[in-house]
Amino acid sequence: MAAIMAVADSMGRSDAMVTMAKKAAKHGGNSSARVALPALLRLPLPQNASAIKQQFHEELQKRWLVHWRNSPRYEKVRRLNPQFPPKVYFTAHDKLNRRAANLIMQIRTQHIPLNKYLHRIKCAPSTRCEQCHEFTGTDTPKTTRHFLFECQAYVRERFKFAQGLGRKAKDIRYIMSKPEFIVWLARYITDTQRF
Ligand SMILES: [Zn+2]
C-alpha cells in the first residue's frame, strides 16, 4: 500500500485519491464484497504450481514431525543422532531409492533385520553372525555395529565406505549427521547384498 500512495502522489492525482490510498493502507480499503464482483473476479487468483507444491511439502514435513515426535521410536533415534535434523533426513532420503531409505530408517531405529534383532522377535534361532561363525567359529552377535563396522564378510565393501568417510567411518552418529554420509552408508549396505 505504501507503493500505491507513492504512485498516487507522483502522478499528481487529486487529494481524494491520495486519501483513498492512505485509507487502503491503513484499513485494507473499502473492498467490494465478493458477490458484487463480476463472475470472473470472484474466482481465487491463480497460484504458481511449484509454490503450491512447496507449500504442500512443507505442510507434510510439519505434520510428519509432530507425528514423529509423539512416536515411541523418537527417543531411540535421538540417542543415535541427538540433533536428528529433519533437513538432513529429507535431503538424504531424496537421494536414495525407497529400499535404501527403508534400510537407513531401520538402522536409525535399530530394527534392521539382523540376527540380534531377529532373535529378539523370535525370527532367528540365535543372535550370532553366521558368516563370522562359518569362517572363524566365533559366536559374535550380528548387531548393527557388527554388520556396519566389524563383520569380516564385508571387508571389501567396507573399504570403499571407509575411503569415503575417512577416520569417522565408524562413528554412526557422525555418519547420520550429513546427507552425503548417509548416501555412502546406503551404498555400503547395497554393496553387501545382505538385504
Ligand atoms: Zn560377522
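Values for this structure:
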read-out	value
Leading residue by the ranking (nearest to residue 116 (Cα to Cα)) among those in the range 132-159 that are among the β-branched types (Val, Ile, Thr) and more than 9 Å from the ligand (Cβ to nearest atom)	143
For residue 170: the one exception among (1) basic (Lys, Arg); (2) more than 16 Å from the ligand (Cβ to nearest atom); (3) outside any helix (DSSP H, G or I)	(2)
Residue list for the range 120-158, restricted to those being among the basic types (Lys, Arg) and out of contact with any strand residue (DSSP E or B) (no Cβ under 8 Å at 6 or more places or on another chain)	120, 122, 145, 156, 158
Residue that is nearest to the ligand (Cβ to nearest atom) [pool: residues in the range 173-195 that are basic (Lys, Arg) and assigned to a helix (DSSP H, G or I)]	187
Unique match (being away from the ligand (no atom under 11 Å from the Cβ) and part of a loop (DSSP other than H, G, I, E, B)) among 96, 103, 165	96
Some residue of the range 104-121 being exposed (fewer than 13 other Cβ atoms within 10 Å of the Cβ) and either closer than 18 Å to residue 150 by Cβ or more than 15 Å from the chain's Cα centre (by Cα) (or both)	yes
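FYI, it's all coordinate maths here, none of it is from the lab. Because the structure is a prediction, the values reported are computed rather than measured. In this analysis, Cβ positions are derived from the backbone assuming ideal geometry, glycine residues included, and neighbour counts consider all displayed protein chains.
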